[in-house]
Structures are given as C-alpha cells and as structure tokens.
C-alpha cells in the first residue's frame, strides 16, 4: 500500500468509525458487532502508526467515547475519564506484560477483573452525600444524569462516613435477567428490541423522565477513585485492592470476581477462567481488565497518547456456532403481536444448549434472508438471548424454503394485519377473544408493576385457564379458595394466600389498572400521567383523542390507541365487571383541584418548616403543577427550605425564582 492508498483508507476508516461510534454511544442503536468495530479500530490504529504523517487530533483513535447529547446539560469532569488499550489474544496480552516488566525491571502484581459491559459514569459526593452523577461522554465533557442515577438502588445516596469530597468511577449496567424481561415485554408490544444489555442500560440512563429509568432496574459496579481525587477522603490507599476495600467500606458495590496475581501464567490463566465463567454471571462482560495493582507504580508508568501504560482490556470474541434451522414457529403476545421463533438443531453455545432463537419479525427474516432448512450462525445477544447472526448462503442446496408470516392467527384463526401506523414490523391479531392473548393478558394484569397479585405467576394462570376457572381478568375476582385448593401445586394455605392477594389488588388504584389492562403503548409511567389527569375511569371513557394527547407522556399514536380501546364494547363490559367486583377505578393520586400552577414546573430542595416533601409534592400536583428533580432553564420556580444545596445554587445561577414555604402557601391561596 502506497501513501495515497493509505491516506484514502485512513479517511474511510475514520468516517466509518465515527458513524458507528455515533450510533453506539449517542443513539444506542448499533448496526455492527463490537468485534467488527474493534477490528476496524485496530486497522486504523495500525495505519496511523505506519503513516504518522496522516495522524490527526480528530481521529477516533484519539478520543475516548461519543458526543454529548443536547437533551442533558453538559458537565465538565474535574479529572478526565480515560479509556484502555485493547488486546485480542493471549499473545498480545503476554506482550503487554513483558513490556511492562522490562520497563519496571521486575514483574508487578496485577489486578484482573471483569470488564463490565455498561455505561461509564462518575459519581461525586460532598460531605458524604451524593450530589452529582455524569456520564463519561468524550472523557472531558459528559452528561449530567444526576436525577436518573438517584434511581439506581445500588448507588449510595449517603456514604457510611461524611467524607468531605469524593469522586468515584463506576459502570452502570443492566442485569441479564432484567434485560431478558425488558426485551420480552418490548417484543410482546411489537417494539424494537435492545441489541444488548449495554445499550439497554445506556438508553435507560438517558431517559428524560427519571421514572422510566427507575422502572428499568439498573445497577452499578464501582471500580476506582478518580485519580487526582485519590486523597480527598483523608485516606491514601496504596493499591487498587485497598482502594476497592475502602470504597466497599463507604457503601459502594465494587467489582466482583477480582484477583491480584503476581505472574504472567496466573494472569493468563485467570483471564481464561473469567471467559469460561461468563455465562454464569448475572451481568454482561465483554472482556477482562488487567491493571497494575500498586498505585505508585501506575504513576511511574504514566500515560500514553490516549491510554494508560499500566493497564489493558482483554476483549473476548463472541462465541458463535453453526446449526440447522428446522422450522419457524409463531407465538402470540398479549397485545396480539405474532412473533416468529427459529427452531434449531440443538447446539452447545456459551454454556448452555440452544434449540430456539428469536427472529423478531418478518422484516428481520427478510433482511437476513432466513429460510427454513438454512445453515445459520447463532450467538447469544449479550450472552443471554440466542439470535441468528447470519445465514450460510454458500451451503444452500436449493431445498430451503422462504418463509411468509401467517395470514390468520395460529391461536384463534382470526385474520391478522400489519400495524396500521406503518412504523413497525409487527403483525397483529386484532381479535380481543384470542385465547393466547387472554392468557398473556392475565399474566400481565397480575404482574408486579401492574396489579401486583403475589403468587399468580404464569404457570398458575395457565392452570386456572385450562381448568376453566377463569377466562379473563375479571374472573379472578370471582375465585374462591375452595375452587383452587384442589389444583396441582396448590393447597389450602397457598389458595388462601392467593385469594388474599387478589383481594388486596382491588385497591391498586387507577394508575396501576390502566397499565394492567394492557392498552397498547400505555406503560406504568403513562398510567400514572393518565390517572393524575383524569382521576377516574369515567373521565377516561369520556375523553377525546385531543384530551389524551394533552396529557404529558402521551403522544398522538397512544392517544388514538386509548380512544380506540375505550370505545370497544368488550372493554366497557370488562370494566363494568371489574367495578362490580370492587376493583378501584379511582386514582390514588387525586386529580388537580385547581389550575394555579397549571403548566408550571417546580423543584423542591431543602427542609421546609412545616411540610414534608411528600405533602408539598401533593399540593403542587393538586394545583396542576409538575414536580421535577432537577433545576434547568425549564424550571418555573424553586421551593427552598433550610439546608438547600446545589439545586438552590444552580437556580440562582440561572436566575430562576426561589420562594419559601410561606410564599408557596400564599400562592396556593392557603
């Protein structure tokens, strides 16, 4: 390759990598695998090293992550959040260990730990209290996602000691179990699936509505102090291991499965062991991090152009297998979406035997050109959900059969149709009496975020339906302990507990009921917004499309779905039966009683003289206002009490009106 050819290829790689980095980091919608990206990145790095005259400060190899989204306020990190150089084989890892040993004159102890596949954040604490959280962004400037991070339960809001100042770095992630559940729910609704847990976590953390973030059950592992802030808490750990011990003392969840090792053989062996154990972990990991344990040695080793010299990330290749696609089966979800599933010749993959893989929808099948009888390459998305990566077209015999979605529902025989909005690929059965939909609808109705009927899981629902005891959700409220105690896996005590849980669910309120009914595109957050606006089911039944569209969190398509749903005679009959059974049709959060604060956004901070925060929140909502957890240019005023913190400071900086409790009560006419 001559210089001109090299320059052309470098420019192509930079453009391609920038495009895919934007899809991955900014929009959380990757179109190539991590390994494909890594190989392109490696090629660019090699070319820039071979042709230094073409190096550029704007090259993807000189930056850490993606750009900052405009929808969050930008935050400049005090200490840059760096990245690590990648290695892809034991040979490359051994070369790194040898080079380090040669520079130091001896073999140092290394910390070897999982590389969590999540979203990197920095958490700041002042006087032991969590005050700010920001994403890595480009390493220098990130996104302020403080209020969303407050919903992550494993992040301590108060440390075990009142440390004057502390900044730590961690990885926010979504567990495999939560990822599988979230994608299952999205597939049933005909919504696009998340590609992997990392993108699911990133998308969840970047929600403007922190309630959505809270519903995603995110988690975090903290993995170090920010270098430069190391002594701010009055301690000076000398090793990485002692640092993590100190962080654990302060209340952080730190990286698990970490070992400190003092030989190259031990490091290489443990990297292999971690890779073999990946399928057993509750979190997704895409590699192992190998870094010198002694912090003084790290400072001696120093930094390279964009990465430290004392650490590398070993990247595991995704495990893939080839097998035969025997057939395609259709499952019917609770909203009528028909989901195709590939039936495969069983194959061992990432620690388990795989015989089925999701095909998502007909567009996916067409895009991949999947045919019955094909040899296909499969892997587990995020090491969890089996998926077809590609088709071995060169192995075709001509006997393979193209697949078309059924024209009638396999459960009830009713004609199916593609979603009318034209934006999705969902094929749907619109028959409200479809048996498959009814079973899924009852399971959803009883789920934790809906009516929360403890003990009424999928197996019990299917048993009750098969025994003819229930046909829809209203029948749950006619059940008796005597009817269900003789059933398999039940008994008198279990039956009594289930009946008690069903009875308790009657008081769940309109918020949960609206979500439990399974209305298309109405989730838990939308249910709350609708209940707060309309107050009771009668008002919902009388509302127009314009009324629904005026509610926060409700878009035009959802508004149309609501009108269509409540207009159905079978739905009105179902609601009548539920009401007759004693199910509450009224919001637990009362609808606004005035419009004094209509359209106003209020932020609470500090301790008020006579009112608890919950009481103040209720008063704001009752007056038509909205309570926000963070101060921005959209904030109308801040209600501040004693010991108000950074929110008050920010409000003053932005010139936002600040009032006390007395002025607030006068404003409400109290």
Likely footprinting exposure, 654, 359, fewest C-beta neighbours within 10 Å first: 654, 359
Taking every pair of distinct Cα atoms and averaging 1/r, then inverting, what Kirkwood hydrodynamic radius in Å comes out for the chain? 28.3 Å
Peptide ranges 457-470, 157-170 listed from the most packed, as the mean C-beta count within 10 angstrom indicates: 157-170, 457-470
The stretch 109-150 pair-distance distribution - Cα-Cα, 10 Å bins, rounded %: 25, 40, 28, 6
So the compactness index of the stretch 460-519, its C-alpha Rg divided by 2.2 N^0.38 Å, takes the value 1.17
Counting pairs of alpha carbon atoms under 8 Å apart in space and at least six apart in sequence, what relative contact order in percent does the chain give? 9 percent
Within 10 Å of each residue's Cβ, count the other Cβ atoms and sort 343, 434, 429, 412 from fewest upward. 343, 412, 434, 429
So what's Rg/Rh here for the stretch 82-195, counting alpha carbon atoms and using the Kirkwood radius for Rh? 1.09
Rank by packing, highest mean first: peptides 206-215, 286-295, 116-125, with packing defined as the count of other Cβ atoms within 10 Å averaged across residues. 116-125, 286-295, 206-215
What nm value, rounded to one decimal, do you get for the distance between residue 249 and residue 29 when each label is placed 7 Å out toward the C-beta? 4.8 nm
Given the -39500 (n - 2.57) contribution per DSSP H run of 4+ residues, what per-residue ellipticity at 222 nm results for the chain, rounded to the nearest 500 deg cm²/dmol? -10500 deg cm²/dmol
Rg over Rh of the stretch 525-648, using C-alpha atoms and the Kirkwood radius, what does it come to? 1.07
Scaled radius of gyration (Cα, divided by 2.2 N^0.38 Å) that the stretch 173-228 gives: 1.28
On average, how much area does the Cα convex hull of the stretch 3-62 cover when viewed from any direction, in nm²? 3.9 nm²
Could you work out how far the C-alpha centroid of the stretch 601-670 sits from that of the stretch 267-314, in angstrom? 46 Å
Cα-only Debye scattering, the stretch 190-280: base-10 log of I(q)/I(0) at q = 0.17, 0.24, 0.26 Å⁻¹: -1.00, -1.15, -1.21
Can you compute the modelled spin-label distance between residue 564 and residue 12, with each label point 7 Å from Cα toward Cβ, in nm? 4.6 nm
For residue 50 and residue 433, compute 0.36 nm times the residue count separating them, minus their Cα-Cα distance, and round to one decimal in nm. 131.2 nm
Shape call for the stretch 235-294 from the C-alpha gyration tensor, a ≥ b ≥ c root eigenvalues: rounded (a/c under 1.5), prolate (a/b greater than b/c) or oblate? oblate
Using the basic label-point model (7 angstrom from Cα toward the beta carbon), what is the residue 539 to residue 180 distance in nanometres? 4.1 nm
If I model the stretch 243-345 as equal point scatterers sitting on the Cα atoms and use the Debye formula, what is log10 I(q)/I(0) at q = 0.20 Å⁻¹? -1.22
Among beta bridges assigned by DSSP with both residues in the stretch 601-667, the antiparallel ones amount in percent, to the nearest 5, to 10 percent
At 20 °C and a viscosity of 1.002 mPa s, what translational diffusion coefficient does Stokes-Einstein give for the stretch 601-667, taking Rh as the Kirkwood radius over Cα pairs? Give it in µm²/s as a whole number. 183 µm²/s
Taking only the alpha-carbon positions of the stretch 435-580 and ignoring solvent, what does the Debye formula give for the base-10 log of I(q)/I(0) at q = 0.11, 0.21 Å⁻¹? -0.43, -1.28
For the stretch 332-374 and the stretch 424-449, what is the centre-to-centre distance using only Cα atoms, to the nearest Å? 20 Å
Cα principal axis extents for the stretch 334-441, largest first, Å: 41, 32, 24
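Only the coordinates and a few stated rules stand behind these numbers; no lab work does. Predicted model, so just to flag it, every value in this text is computed and none were measured. All Cβ positions, even for glycine, are placed from backbone atoms using ideal geometry, and neighbour counts span all protein chains on display.
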